[in-house]
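Down below is the structure, laid out as structure tokens.
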Amino acid sequence: MEQTFIIIKPEAVARGLVGEILKRFEQKGLRIVRLKMDRISEDVARVHYGHHADKPFFPGLLAAITAGPVVMAILEGPNAIAHVRNLIGATDPLKAAPGTIRGDFALENPYNMVHASDSPETAAVEIERFFGA
Ligand code: CMP
């Protein structure tokens, strides 16, 4: 069993896509272990996206993730990290295949609807950051 962490981003919440997105994870067979709606502060966003601090899109990324409430979840299942990344699609909505969340609902970055952990190490850090130990 593996756990991963996802954020349904402000643009997806604003468009009323929370249920649709959670449904896709659930119908795949992943279990929702924790779930909450919250806002991400700029300070936490700077830490969460710290590895992008030198990128030109960093200010826009911070603005997008702090623009409104988000829904965060811990999902569990065999190979949960890889399954979730397959379900959400490529980071760039232009490259995300139809049938994926980004391929079906997103047009361009940074508004790609969902963030998901990319490795077991990242998942552990992000789960601790947003849900505590
Ligand atoms: P996410 O999976 O949350 O991880 C980093 C985020 O940065 C990514 O989704 C996008 O929202 C954003 N991002 C990545 N590349 C670009 C880009 N070229 N321009 C704007 N935003 C980007």
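The values are calculated or read from the model by the stated rules, or taken from the named source; none is laboratory data. Computed from a predicted structure; not experimentally measured. Cβ sites come from the backbone with ideal geometry, for glycine too, and all protein chains shown count toward neighbours. Heavy atoms of the whole protein, side chains included, go into the accessibility calculation; ligands, DNA and RNA do not. Shrake-Rupley method; radii C 1.70, N 1.55, O 1.52, S 1.80 Å.
Cα centroid distance between the stretch 6-61 and the stretch 79-116, in Å?
12
Exactly which trypsin sites (Lys or Arg not before Pro) in the stretch 65-133 are in a DSSP loop and have at most 14 other Cβ atoms within 10 Å?
Within the stretch 65-133, the qualifying trypsin sites (Lys or Arg not before Pro) (loop, at most 14 other Cβ atoms within 10 Å) are 95.
Hey, rough spin-label estimate for residue 91 and residue 20, points 7 angstrom out along Cα→Cβ, what's it come to in nanometres?
Going from the residue 91 label point to the residue 20 one covers 2.4 nm.
What is the magnitude of the charge dipole of the chain about its Cα centre, with +1 placed on the Cβ of each Lys and Arg, -1 on the Cβ of each Asp and Glu, and no other charges, expressed in debye to the nearest 20?
With Lys and Arg at +1 and Asp and Glu at -1, about 300 debye.
Per residue, how many Å² of accessible area does the chain show with a 1.4 Å probe?
In whole numbers, the chain has 52 Å² accessible per residue.
So how far apart, in nm, are the two label points at residue 38 and residue 57 if each is 7 Å from Cα heading toward Cβ?
2.5
Using a 1.4 Å probe on the protein heavy atoms, what percent of the accessible area of the chain belongs to carbon and sulfur?
Here it works out to 54 percent.
Considering the options 4, 115, 99, tell which one lies farthest towards the positive end of the dipole of the chain, charges being +1 on Lys and Arg and -1 on Asp and Glu at the Cβ, about the Cα centre.
Toward the positive end, the furthest listed residue is 99.
Just going by the charge dipole of the chain, with Lys and Arg at +1 and Asp and Glu at -1 on Cβ, which of 44, 83, 25 is farthest out on the positive end?
Most positive-ward Cα: 25.
How about residue 23: which aspartates and glutamates have a C-alpha closer than 15 Å to its C-alpha, ignoring those fewer than 8 places off in the same chain?
Residue 23 reaches 76, 104.
Please list log₁₀ I(q)/I(0) at q = 0.15, 0.17, 0.21 Å⁻¹ for the stretch 2-131, using the Debye equation with identical point scatterers on the alpha-carbon positions.
-0.65, -0.86, -1.39
With θ taken as phi - 60° and the coefficients 6.51, -1.76 and 1.60, list the Karplus ³J(HN,Hα) couplings across the stretch 54-66 in order, rounded to whole Hz; mark glycine and proline as x.
Listing the rounded values in order: 8, 8, x, 8, 4, x, x, 5, 4, 4, 5, 7, 9 Hz.
Determine the calculated [θ] at 222 nm for the chain from helices alone, applying -39500 (n - 2.57) to every DSSP H run no shorter than 4 residues and normalising by the residue count; nearest 500 deg cm²/dmol.
So the calculated ellipticity at 222 nm is -11500 deg cm²/dmol.
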